[in-house]
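Below you'll find the structure, written out as structure tokens, and then a few comments.
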Amino acid sequence: MMAIIPLALPNKIGFSLPFLYKPITTRGGGGGSSCSAFTCRSVSSPTSFTWDDVVQASLPDYAPNDSSDLSGFFEKIKYCNRGSSEIKSEFIPLVIEDQIVGYIHNGFFDNYLRRFKDVFVFVPSDSRFGTTVTLNKTLSTPEERTRVVGKVIKCLAEEEKELIPGIRNELYPVTPSFGSPPYFSLERAAAPYFGIKAYGVHMNGFVKRDGEKFLWIGKRSPMKQTFPGMLDHLVAGGLPHGMSCIANLIKECEEEAGIPLSLSNQAMSVGAVSYVDVDGYRYKRDVLFCYDLELPGDFIPKNQDGEVESFKLIPVENVANVIRRTHFFKPNCSLVIMDFLFRHGCIGPECLGYLDLLQSLRSGDTS
């Protein structure tokens, strides 16, 4: 495994195809500049940015005084794993049939859920878990629970538009671990407010040219309800109830990038990353299944569902620079791309913090 990939670029970066980088003059003097692909410094992103901003931030001499550690990567991991143990203690376990399936903030329960006494039951002293929340025992089947809890979510969303934004009418399974039979299903937008485990699929679509690897990167539509206008994977999506990972990936490939089945069914499962993000009433416990797909050099993605504004094909080393130096990427995408960098030899054990960074990509429960 290579520890660091040196990146030498001429004064002009230019390619003949419009979806690749536009020519941009680098900062600094004449001649080629050789710089570690893993120099790090984070800078705040503006509220909006262009592809030209992305290209500038990716260049080796954009920040010539950067250190050569992995601090920029650690910052992105920290952002995805917010919440101290003290803050987490403000959440009450959601228990169904003697299994913890989620966590609900005590303020969210008191202010919004407690009044639905025929649905939610507060248990002040459970023999196994202490103080808990459960569902009324009259709700004995997954179908009943899904229907009744769904009514509560709809009611809350109608009363306070900003309480649970982004209602999608898409259901996530409520389960203690991946593959276990769900106790009920929950509106996707409400998943963090109930602290349930949520799963997704993210795919690195890459191309090899003249011995160099490039990643296809998408820029989310400014109309997206979440993370509008930010950089994203070529293909990614949450895993809804009743659908396998590969079936969901194939569906997302077609919808988000126009990738035909003849290509998408070649995607390789390569592992998973996880994180726990606690912010206000929200307790995100996400596991992202990672896939790699090597695409033909002449393939050009075409979004089909209106959720992606545009795509660019960017050298892997430059993508790494953007992750470290900016906040242009949707936060959890950074974790999946870091995993790609490890597996493709872009980060090696000679890098200070190598093992800590590798371990921190799975900071959440991966069960």
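The values are calculated or read from the model by the stated rules, or taken from the named source; none is laboratory data. None of these values were measured; they are calculated from a predicted model. Every residue, glycine as well, gets a Cβ built from its backbone with ideal geometry; the counts of neighbours run over all protein chains shown.
Of all residues in the stretch 220-262, those that are touching a strand residue (DSSP E or B) at 6+ places or on another chain (Cβ under 6 Å), buried (at least 21 other Cβ atoms within 10 Å of the Cβ) and assigned to a loop (DSSP other than H, G, I, E, B) total 2. Looking across Asp356, Asp298, one residue alone is more than 18 Å from the chain's Cα centre (by Cα), at pLDDT 95 or above and assigned to a loop (DSSP other than H, G, I, E, B). It is Asp298. Comparison of Glu187, Glu159 shows that the only residue that is of a type in the set (Asp, Glu), at pLDDT 95 or above and outside the structural domain of Gly238 (by TED's automatic domain parsing) is Glu187.
Tyr112 satisfies every condition listed in (1) in a strand (DSSP E or B); (2) over 24 Å from the mean Cα position of the chain (by Cα) except (1). Of the residues making up the stretch 219-227, none is in contact with a His (Cβ under 7 Å, 6 or more places away or on another chain), basic (Lys, Arg) and at pLDDT 95 or above. Is it true that Leu341 is within 14 Å of Gly205 (Cα to Cα), aliphatic (A, V, I, L, M) and assigned to a strand (DSSP E or B)? So Leu341 fails the test.
Taken over the stretch 75-109, the criterion of being under 21 Å from Ile164 (Cα atoms) and in a strand (DSSP E or B) is satisfied by Phe91, Ile92, Pro93, Leu94, Val101, Gly102, Tyr103, Ile104, His105.
Could you look through the stretch 263-278, keep only residues that are more than 30 Å from Phe91 (Cα to Cα) and touching a residue at least 60 places away in the same chain (Cβ under 8 Å), and pick out the one that is surrounded by the fewest Cβ atoms within 10 Å (Cβ to Cβ)? Only one residue tops the list, namely Val270. Applying the selection to the stretch 224-240, what residues are farther than 22 Å from Thr326 by Cβ and either touching a residue at least 60 places away in the same chain (Cβ under 8 Å) or among the polar types (S, T, N, Q) (or both)? Passing the criteria: Gln225, Gly238, Leu239, Pro240. Annotation: Ser310 fulfils all but one of (1) of a type in the set (S, T, N, Q); (2) surrounded by fewer than 19 Cβ atoms within 10 Å (Cβ to Cβ); (3) more than 18 Å from Val54 (Cβ to Cβ); the unmet one is (3). Entry remark, the stretch 89-127: residues being touching a residue at least 60 places away in the same chain (Cβ under 8 Å) and either acidic (Asp, Glu) or not assigned by TED's automatic domain parsing to the domain that holds Tyr183 (or both) number 1 in total. Please verify whether the stretch 170-184 includes one or more residues that are assigned by TED's automatic domain parsing to the domain that holds Leu313, touching a residue at least 60 places away in the same chain (Cβ under 8 Å) and part of a loop (DSSP other than H, G, I, E, B). No, that holds for no residue. Restricting to the stretch 113-131, name every residue that is over 18 Å from Phe194 (Cα atoms) and charged (D, E, K, R). Those that are over 18 Å from Phe194 (Cα atoms) and charged (D, E, K, R): Asp126, Arg128.
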